[in-house]
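The values are calculated or read from the model by the stated rules, or taken from the named source; none is laboratory data. All values derive from a computational prediction rather than experimental measurement. Here the Cβ positions follow ideal geometry from the backbone for every residue, glycine too, while neighbour counts run over all protein chains shown.
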Ligand code: SF4
Ligand code: SF4
């Protein structure tokens, strides 16, 4: 069982995925992406969607960051900062697990 | 409403009315427990009237098509339906988020395994209290607590996120710290603490259940103290009787939410059957989409056109939607009045009188929820 540390900070060696009971889903009726969660559906912005779609619980975040940097032709540092910040936050909320 | 104006409206309805987000599927009103604040209607529906498995499978497909994202399987006790697993896996295949709202007394290692394999996303487990004898008294069911604790253990062991749900009332507010402790001990992710809402069974028992103002302040202190610790999501619902303004009705009547009763009636809210002027279309006769966009039960209080004063000229009318229709009906005999909880309502004194009465009532004598034994 995951113990819940108050300030988890993910690294490029982690291979996170969605926790049971959470998932990214396209809402075809409203044409938007949502994170399905207990008792609510959270709206996901395009950056979050791009990141979350890459997660499978097996791929290292370093690889995910490389891919995103290439696809969006953006500086790798900046992508790495965004990815680690978003996923650390979602891990703290138990939406993402390591 | 004339046929012409109805069909004019019908042509545009899909564009101007939001699609529903969530469905409460009340599979059965049967339940091994008999809580005195049960939110089921006082006229409980019987097994012979319940929808068939095929009906529910079709309804789930229509719900996904319509834009529903989350399905809450509820009751009564939804685990009293042997086809629950079939319904959950069907919903899961349709990409609907599945939540089971249960008392937990029918969860065993075998049933848990089947729930898990059906792809269940989340469980909301209701507790009467943290205190064993008190939980027995409230549910009128012997040894209920050990079974619930075992259910919680099996749920978290399966890795399914768990929310504990407590209904707050006069006699258990002092045990809120113990409720939070229990939630942490059982590794629940969320805890819902909702004060009883007073219509249906709870209205019959209001004087015995409604906390005092001092107790309410005590409750808010417990919540604030727990929130500073972090790591547990707390969903605290205050009792509207002590507020100046009513609670928003489920994001607005017919805006986000629909409820299907065991026999297939589609309701804008779980308590809507208490409103005698409303008739409800049935999923046996119409598609869910037709009912959502066009049935009278949904259009009647949707939006703001139906509102009387003081709501009609109030700045908050699209914030709280005039409050609760069912509460207006239960207390004023007219569902189209301003919710009497609102201090702008000419009938607010009814609420203040109920508070005064509850302050004087200490002894708890309940009218328990029962099939076929409706009192008054
Ligand atoms: S008058 Fe009506 S709309 Fe205004 S706050 Fe009261 S209930 Fe809400
Ligand atoms: S009418 Fe009242 S009981 Fe029904 S959903 Fe609205 S607030 Fe809740």
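Step by step: first the residues of the stretch A:55-97, then only those that are more than 14 Å from chain B (Cβ to nearest Cβ), outside any helix (DSSP H, G or I) and under 30 Å from residue B:187 (Cα atoms), then the one that is nearest to the chain's Cα centre (by Cα). Which residue is that?
In the first step, residues of the stretch A:55-97 are kept if they are more than 14 Å from chain B (Cβ to nearest Cβ); the result is A:55-56, A:58-88.
When the remaining residues are screened for being outside any helix (DSSP H, G or I), the result is A:55-56, A:58-60, A:73-75.
Going one step further and asking which of them are under 30 Å from residue B:187 (Cα atoms), we end up with A:55-56, A:58-60.
Numbers: A:55: 7, A:56: 10, A:58: 13, A:59: 12, A:60: 12 Å.
Only one residue tops the list, namely A:55.
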Q) Does the stretch B:175-194 include one or more residues that are under 20 Å from the mean Cα position of the chain (by Cα) and either within 16 Å of ligand 2 (Cβ to nearest atom) or at positive phi (or both)? A) yes
Q.
Yes or no: the stretch B:313-328 includes at least one residue that is modelled with pLDDT under 90 and more than 15 Å from ligand 2 (Cβ to nearest atom).
A. no
Q. Where residues in the stretch B:150-174 are within 14 Å of another protein chain (Cβ to nearest Cβ) and not in a helix (DSSP H, G or I), which of them is nearest to the chain's Cα centre (by Cα)?
A. B:165
Q | the stretch B:240-268 - residue that is away from ligand 1 (no atom under 16 Å from the Cβ), assigned to a loop (DSSP other than H, G, I, E, B) and more than 14 Å from chain A (Cβ to nearest Cβ) and, of those, modelled with the lowest pLDDT | A | B:254
Q: Name, by its number, the condition in (1) within 14 Å of ligand 2 (Cβ to nearest atom); (2) surrounded by fewer than 21 Cβ atoms within 10 Å (Cβ to Cβ) that does not hold for residue B:233.
A: (1)
Q. Only one of (1) surrounded by 19 or more Cβ atoms within 10 Å (Cβ to Cβ); (2) touching a residue at least 40 places away in the same chain (Cβ under 8 Å) fails for residue B:267. Which number is that?
A. (2)
**Q.** Residue identified as in contact (Cβ under 8 Å) with a residue 60 or more places away in the chain and within 14 Å of chain A (Cβ to nearest Cβ) among B:50, B:65, B:117
**A.** B:65
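Please indicate, with yes or no, whether at least one residue in the stretch B:195-218 is closer than 30 Å to residue A:90 by Cβ and touching a strand residue (DSSP E or B) at 6+ places or on another chain (Cβ under 6 Å). Can you show your working first?
Within the stretch B:195-218, the subset closer than 30 Å to residue A:90 by Cβ is none.
Scanning the stretch B:195-218 turns up no residue that is closer than 30 Å to residue A:90 by Cβ and touching a strand residue (DSSP E or B) at 6+ places or on another chain (Cβ under 6 Å).
Considering only the stretch B:73-94, how many residues are more than 16 Å from residue B:116 (Cα to Cα) and either part of a helix (DSSP H, G or I) or within 14 Å of chain A (Cβ to nearest Cβ) (or both)?
Total meeting the criteria: 3.
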Q: Please determine, by comparing only the residues of the stretch B:345-357 that are in contact with a helix residue (DSSP H, G or I) (Cβ under 8 Å, 6 or more places away or on another chain) and away from ligand 1 (no atom under 13 Å from the Cβ), which one is farthest from the other protein chains (Cβ to nearest Cβ).
A: B:357
Q: Give the stretch B:322-344 a look and list any residue that's more than 7 Å from ligand 1 (Cβ to nearest atom), under 16 Å from residue B:245 (Cβ atoms) and part of a loop (DSSP other than H, G, I, E, B), or say none.
A: B:324, B:337, B:340, B:341, B:343
Q) Which residues, counting only those in the stretch B:179-207, are within 28 Å of residue B:152 (Cβ to Cβ), touching a helix residue (DSSP H, G or I) at 6+ places or on another chain (Cβ under 9 Å), away from chain A (no Cβ under 14 Å) and not in a loop (DSSP other than H, G, I, E, B)? A) B:179, B:180, B:182, B:195, B:200, B:202
Q | Candidate set: the stretch B:273-310, residues that are touching a strand residue (DSSP E or B) at 6+ places or on another chain (Cβ under 8 Å) and closer than 17 Å to residue B:28 by Cα; chosen: the one modelled with the lowest pLDDT | A | B:273
Q) Which of (1) away from every other protein chain (no Cβ under 14 Å); (2) surrounded by fewer than 20 Cβ atoms within 10 Å (Cβ to Cβ); (3) within 14 Å of ligand 2 (Cβ to nearest atom) is the odd one out, the single condition residue B:279 does not satisfy? A) (3)
Q) Taking the stretch B:219-239 as the search range and keeping residues that are away from every other protein chain (no Cβ under 14 Å), out of contact with any helix residue (DSSP H, G or I) (no Cβ under 6 Å at 6 or more places or on another chain) and over 16 Å from residue B:356 (Cα atoms), which one is modelled with the lowest pLDDT? A) B:238
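Take the conditions within 16 Å of ligand 1 (Cβ to nearest atom), in contact (Cβ under 8 Å) with a residue 12 or more places away in the chain and away from every other protein chain (no Cβ under 14 Å) and apply them to residue B:316. Does it pass? It would help to see each step written out before you state the result.
On the way: within 16 Å of ligand 1 (Cβ to nearest atom): yes; in contact (Cβ under 8 Å) with a residue 12 or more places away in the chain: yes; away from every other protein chain (no Cβ under 14 Å): yes.
Considered against the rule, which asks whether it is within 16 Å of ligand 1 (Cβ to nearest atom), in contact (Cβ under 8 Å) with a residue 12 or more places away in the chain and away from every other protein chain (no Cβ under 14 Å), residue B:316 comes out as yes.
Among the candidates A:35, A:95, which residue alone is in contact (Cβ under 8 Å) with a residue 24 or more places away in the chain, crowded, with 17+ Cβ neighbours inside 10 Å, in contact with a strand residue (DSSP E or B) (Cβ under 6 Å, 6 or more places away or on another chain) and within 23 Å of residue B:21 (Cα to Cα)?
Details: A:95 fails: in contact with a strand residue (DSSP E or B) (Cβ under 6 Å, 6 or more places away or on another chain).
Answer to the selection: A:35.
Within 13 Å of chain A (Cβ to nearest Cβ) and over 19 Å from the mean Cα position of the chain (by Cα): is that true of residue B:99 in this structure? Spell out the reasoning first.
Values: within 13 Å of chain A (Cβ to nearest Cβ): yes; over 19 Å from the mean Cα position of the chain (by Cα): no.
The answer is no for residue B:99.
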